[in-house]
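The values are calculated or read from the model by the stated rules, or taken from the named source; none is laboratory data. Keep in mind that what you see is a predicted model, and the values were worked out from it rather than measured. Reconstructed Cβ throughout: ideal geometry from the backbone, glycine too, with neighbour counts over all protein chains shown. In case anyone asks, the SASA skips ligands and DNA or RNA and just uses the protein heavy atoms, side chains included. Shrake-Rupley method; radii C 1.70, N 1.55, O 1.52, S 1.80 Å.
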Amino acid sequence: MRGRGHSGRSARVLNICVIVPAAGSGTRLGSADPKALVRLNGKSLLARSLETIISSGVASTIVVAAPEEFLTRARNEIDSIAESGAKDSESSISGMRITAVAGGQDRIESVQLALKYAGDADIVLVHDAARALTPSEVFRRVADAVSAGAEAVVPVLPMTDTVRRVESRPAVNSDHHPATNDHHPTMNDGPRAPRSQPDADGWQVVVESGAENDQKLPTVEVLHGDLDRSRLRRVQTPQGFTASTLRRAHERYEDDLAASEPGSLAATDDAGLVERLGIEVVAVDGDEEALKITYPLDLVLGEHIATKRDAETTRDATKRNTETTRDATQRNAETTRDATQQESATLDAQATLDEGEKQNPASEGEQRR
């Protein structure tokens, strides 16, 4: 199955299945619906994800793993996208299979269930519906890298913030009080405001208390050193894998869970499962607009990006329609002109013939004899 790709070539050299886990609560965003059904400028995160996957031209199959109670709504979203794509001559949805299946309790289980519907896909991309604004180019970069021989690929961005390790510890009870004598040790007024002091490993928060025998002290976070952010990356989706590698990683995960071995610790993404097999995960460039919609501020930024993109899409569509109408008008005018010229040439030829017959009437008589 092949379709239009980019750079003038087909992107479907291999069968590529894109799995979209659509679970996750939308309560942080003020919605009772799953996060994938939260809307940006009138379209759900799921719909925007599907539109981008389709426009990227990389997928032959898309499998959406949605919570069972919202499965019907997910299928309605798919039907709407398919109907819209069928009307759009620029869409590459023709021949593509899109289906929605009941997901699991978490992301890992949802991907496992969706893999059963991947068919004979050579490559599987796993994309988070919450990253609904991921540009098509990121999908292409990931698919191209796997097609070129990498077994696992993730899009990444550099780390820009300073990052420190953290450890939770009970707060230290300090009986030291300033010499100003403004504190009465007989008063059990609870912990004072935290202050910081260095220890051997980093900075530890110390909580002062006026209680002689504190039974419970607050738990505080202790920060340790700087991590070299030049060697750190922010991981995005879609994450791409050879289908056989991803299946092996999930089988290994199931075995680890059954055996309750240390390797059964929960993984946050599929790349983490693949890495446990000893397989290198290759990085490609991500995109700042591929942000994960998690908090209300993300929703504000996402709304801005989506509104801007939709306006550009409308403008481009209007421009295409105008150009199409202009070209059609020009073709009609040229056709009419050519027909007029042909008719005029025919009339001129007939007139010349008639004039010749008038000047030489004997020729017709001779021809009759």
query: Quick one: what pairs do we get from the range 284-309, first residue open to solvent by 90 Å² or more (accessible area, probe 1.4 Å), second charged (D, E, K, R) and not in a loop (DSSP other than H, G, I, E, B), C-beta under 9 Å, 6+ apart or different chains?
result: 285/137; 285/141; 295/28
task: Check whether at least one residue in the range 32-40 is within 18 Å of the chain's Cα centre (by Cα), surrounded by fewer than 24 Cβ atoms within 10 Å (Cβ to Cβ), closer than 26 Å to residue 321 by Cβ and at pLDDT 95 or above, and report yes or no.
output: yes
- request: May I ask you to list the residues in the range 85-114 that are part of a helix (DSSP H, G or I), buried (at least 21 other Cβ atoms within 10 Å of the Cβ) and either modelled with pLDDT under 90 or not polar (S, T, N, Q) (or both)?
  value: 108, 111, 114
- request: Kindly establish whether residue 56 is out of contact with any helix residue (DSSP H, G or I) (no Cβ under 8 Å at 6 or more places or on another chain), under 30 Å from residue 324 (Cα atoms) and buried (at least 18 other Cβ atoms within 10 Å of the Cβ).
  value: no
query: Does residue 276 satisfy the criteria of being open to solvent by 90 Å² or more (accessible area, probe 1.4 Å), over 22 Å from the mean Cα position of the chain (by Cα) and not β-branched (Val, Ile, Thr)?
result: no
query: Pairs under 7 Å by beta carbon, first residue farther than 19 Å from residue 157 by Cβ in the range 219-231, partner of a type in the set (Gly, Ala, Ser) and part of a strand (DSSP E or B), six or more apart or different chains?
result: 219/168; 221/168
- prompt: Are there any pairs with C-beta distances below 8 angstrom linking a residue in the range 144-163 that is over 17 Å from residue 56 (Cβ atoms) and β-branched (Val, Ile, Thr) to a residue that is open to solvent by less than 20 Å² (accessible area, probe 1.4 Å) and part of a loop (DSSP other than H, G, I, E, B), with the two at least 6 apart or on different chains, and if so which?
  reply: 156/236; 156/286
field: For residue 171: the one exception among (1) more than 22 Å from residue 48 (Cα to Cα); (2) open to solvent by 10 Å² or more (accessible area, probe 1.4 Å); (3) out of contact with any helix residue (DSSP H, G or I) (no Cβ under 8 Å at 6 or more places or on another chain)
entry: (2)
field: Flag if residue 260 is open to solvent by 60 Å² or more (accessible area, probe 1.4 Å), modelled with pLDDT of 65 or more, more than 28 Å from the chain's Cα centre (by Cα) and within 30 Å of residue 117 (Cα to Cα)
entry: yes
